[in-house]
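Data block below; observations after.
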Amino acid sequence: MKNVLVTGGAGFIGSNFVRYLLEVDQQVQIVNLDALTYAGSLENLKDLPDADRHTFVQGDICDRDLVRALLQKHQIDTIVHFAAESHVDRSILSPEPFIQANVIGTFTLLESARQYWMVEKSMPIEQVRFHHVSTDEVYGTLSPEDPAFSETTPYAPNSPYAASKASSDHLARSYNHTYQLPVTISNCSNNYGPRQFPEKLIPLIILNALTGKPLPVYGDGQQIRDWLYVTDHCEAIHLILTQGKSGETYNIGGNNQPANLTIVETVCDLLDELQPQTDPHRNLIKFVTDRPGHDRRYAMNISKIENELGWKPRHNLSDGLLDTAQWILANPSWVAAIQKQREYQTWLTKNYETREKSS
Ligand code: NAD
Ligand code: TYD
């Protein structure tokens, strides 16, 4: 791994991965291709360690000419593909951009890699790798007694977001099976941590609580996610790149599975200590209309990556939530830049003003 193309590296996980990779690998050169949608920001790439080894390119992964030119110009041997539309609620209200970025975008990258590495034979095939970053949501939903998702659980995506990611996984798999393109796939559970766009549950709740706004809990708040601190995810991806086997899929999860309401209450209690108010933050909790088709429970069986690559999550939820809240408090300019975005304010209105108070 010498010249790495990271897609979506100005977003939440991608920017944490760029930072992580520059720190753990002193040789690697990174080209970061990101369209800077509402979710991507150069703020996320400030103060990179050893920034000389990082080149940012603003552009769309669907732009085949641009992708091909970048592969050739930088002699890319490794692609780590994060770029995507990533928010389930947005996919419900407006699915089309998800098909474009997640399906067409992934196809464009796979096809460009195949042309450059396999048709043009630009470098020995043993030296290249396409890593596709995906989600546990492709597996659908679990009832309380079901075993956790494993790598062989049949796909059953329920939201347009999950369906678009499932499609991209199938394309990545097919490029390995048909063309022997060296592909690995990881399916990861919900991430949280610094630089997560505050449309997702944890940063949204932290920011709303800090500004005295209602804390919207969908439905009964008893839905379960398997929360993973973002740098643990970055470490797992790096291990898959360096030690994972081409053609394999790895599930990544946090072994932290509280109900949403418990997460929100935990954040409230944490903020009561960090930013005491006369009224406890829990008083801001508001149950609102549920998400249509809302998956009830996700849980990941991570024994494959534990046994084969020796990875396990390092952070427990209380330390991770404390780090996340402290990071947000310590970075008011990052918060201000997002709150200033008209698009963000429009999203909050669109998603929340139509949800009635359900209790
Ligand atoms: P994000 O929404 O924070 O960032 C996505 C980035 O992709 C943004 O910087 C955006 O500008 C960029 N992007 C979007 N469309 C693009 C396009 N057409 N061309 C170039 N860039 C484009 O997302 P995230 O939470 O960092 O997720 C990253 C990846 O990880 C996604 O593929 C997502 O499906 C997957 N994933 C996320 C989670 C999670 O909990 N956030 C969990 C599992 C898997
Ligand atoms: P989210 O962070 O959007 O991630 P995902 O939908 O990919 O799991 O949501 C996490 C959980 O929190 C999910 O069950 C939906 C719920 N949720 C709320 O209850 N209120 C909110 O305002 C948001 C954004 C999510």
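Screening the stretch 198-254 for residues that are more than 28 Å from D169 (Cα to Cα) and part of a strand (DSSP E or B) and picking the one that is farthest from ligand 2 (Cβ to nearest atom) gives L215. Cβ-Cβ contacts under 6 Å between residues 6 or more apart (or on different chains), taken from a first residue in the stretch 73-98 that is assigned by TED's automatic domain parsing to the domain that holds N32 and among the polar types (S, T, N, Q) to a second residue that is more than 11 Å from ligand 1 (Cβ to nearest atom) and outside any helix (DSSP H, G or I), are listed as Q75/N3; T78/M1; T78/V4; T78/R129; S91/S159. Scanning the stretch 215-271 for residues that are small (G, A, S) and either more than 16 Å from ligand 1 (Cβ to nearest atom) or farther than 22 Å from K312 by Cβ (or both) yields a total of 6.
Residues that are surrounded by fewer than 19 Cβ atoms within 10 Å (Cβ to Cβ) and either under 22 Å from the mean Cα position of the chain (by Cα) or in a helix (DSSP H, G or I) (or both) within the stretch 270-290 comprise D272, E273, L274, R282, N283, listed in sequence order.
Only one entry of Y192, Y161, Y155, Y116 meets the criterion of being in contact with a helix residue (DSSP H, G or I) (Cβ under 8 Å, 6 or more places away or on another chain) and either among the basic types (K, R) or farther than 30 Å from W347 by Cβ (or both), and that entry is Y116. Each residue in the stretch 69-91 was checked for being more than 16 Å from ligand 2 (Cβ to nearest atom) and touching a Gly at 6+ places or on another chain (Cβ under 7 Å), and 1 of them qualify. Taking the stretch 14-123 as the region of interest, the strands (runs of 3 or more DSSP E) fully inside it that hold 2 or more residues being at pLDDT 95 or above, over 22 Å from A166 (Cα atoms) and under 23 Å from the mean Cα position of the chain (by Cα) are 29-34, 54-58.
Can you find a residue that is surrounded by fewer than 17 Cβ atoms within 10 Å (Cβ to Cβ), among the hydrophobic types (A, V, I, L, M, F, W, C) and more than 28 Å from L228 (Cα to Cα) anywhere in the stretch 111-120? Checked the stretch 111-120: at least one residue is surrounded by fewer than 17 Cβ atoms within 10 Å (Cβ to Cβ), among the hydrophobic types (A, V, I, L, M, F, W, C) and more than 28 Å from L228 (Cα to Cα). Taking the stretch 255-269 as the range and being over 19 Å from the mean Cα position of the chain (by Cα) and in a helix (DSSP H, G or I) as the test, the residues that pass are L261, T262, V264, E265, T266, V267, C268, D269.
Residue-by-condition table, conditions (1) β-branched (V, I, T); (2) crowded, with 22+ Cβ neighbours inside 10 Å:
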| position | (1), (2) |
| --- | --- |
| N158 | no, no |
| Y161 | no, yes |
| H177 | no, no |
| Y192 | no, yes |
| I205 | yes, yes |
| G221 | no, no |
| L228 | no, yes |
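Picking from residues in the stretch 7-28 that are closer than 13 Å to V57 by Cβ and touching a helix residue (DSSP H, G or I) at 6+ places or on another chain (Cβ under 6 Å), the one that is nearest to ligand 2 (Cβ to nearest atom) is G8. Criterion first (of a type in the set (G, A, S) and under 26 Å from A330 (Cβ atoms)) does A209 satisfy it? Yes: the conditions hold for A209.
The values are calculated or read from the model by the stated rules, or taken from the named source; none is laboratory data. This is a predicted model, so every value here is computed, not measured. Note that each Cβ is placed from the backbone with ideal geometry, even for glycine, and that neighbours are counted across all protein chains shown.
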